[in-house]
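FYI, it's all coordinate maths here, none of it is from the lab. Fair warning: this is a prediction, and the values are worked out from it, not measured in the lab. Ideal geometry is used to build each Cβ from the backbone, glycine not excepted, and the neighbour counts take in all protein chains shown.
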Amino acid sequence: MRRPLTEPPPIPDDAMLAELATSVDRSARRLLGRSLSIREVDAGSCNGCELEIHALNNAFYDLERYGLRFVASPRHADVLLVTGPVTKNMREALERTYRATPDPKWVVAVGDCGFDGGIFAGSYAVTGGVSQVVPVDLHIHGCPPSPAELLKGLIALLERASAKGGSP
Ligand code: SF4
């Protein structure tokens, strides 16, 4: 019998994740007076970035205990977390999601594809990075970025917004 071809799970670093997640929640409460609500938008990703974003909510990381919430509607969101190169088919959906999100709002482009199209740049089916379609406040690089890098990006976003008095 061959063993399953799965990778071993990452070594838990609960203290580091707890510190990062608590920092996100503290910054959000200082800026908004409540927890941060995030709407994830897949604008054409290969789903690698989604696996890492979903990991924030799984039983291993379970970051909702620190107040980080993923919401089902852009109308309830503070942050749009956008993955993938923006495909031509998803361009309008991303624009409509952006318009449906109440101000003040922040857009975070996740992954190398979200930055400039990544490995899909130049494809006939792709418009380009997220900033080609909607204004982007922060890029989180990586292919894909790890949950810890996602949290560090959110902290940087909130701290920058606080320094600007809460405006995007
Ligand atoms: S950055 Fe990497 S993991 Fe994320 S959508 Fe692009 S190819 Fe997939």
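For this structure, a couple of remarks:
- For the range 139-151, a tally of residues being within 15 Å of the ligand (Cβ to nearest atom), in contact (Cβ under 8 Å) with a residue 40 or more places away in the chain and either under 15 Å from I38 (Cβ atoms) or touching a Ser or Thr at 6+ places or on another chain (Cβ under 6 Å) (or both) returns 3.
- Taken together, P74, P85 contain a single residue that is without any contact (Cβ under 8 Å) to a residue 60 or more places away in the chain, under 21 Å from V110 (Cα atoms) and in contact with a Leu (Cβ under 8 Å, 6 or more places away or on another chain), which is P74.
- Every residue from the range 29-85 that is assigned to a loop (DSSP other than H, G, I, E, B) and β-branched (V, I, T): V71
- Looking across the range 99-110, just one residue is crowded, with 18+ Cβ neighbours inside 10 Å and more than 14 Å from the chain's Cα centre (by Cα), and that is T101.
- The test for being farther than 21 Å from L158 by Cα and more than 16 Å from the ligand (Cβ to nearest atom) holds for E92.
A quick yes/no check of all residues on (1) away from the ligand (no atom under 13 Å from the Cβ); (2) hydroxyl-bearing (S, T, Y); (3) touching a His at 6+ places or on another chain (Cβ under 8 Å):
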residue	(1), (2), (3)
T97	yes, yes, no
P104	yes, no, no
S123	no, yes, no
V133	yes, no, no
D137	yes, no, no
L154	yes, no, no
A163	yes, no, no
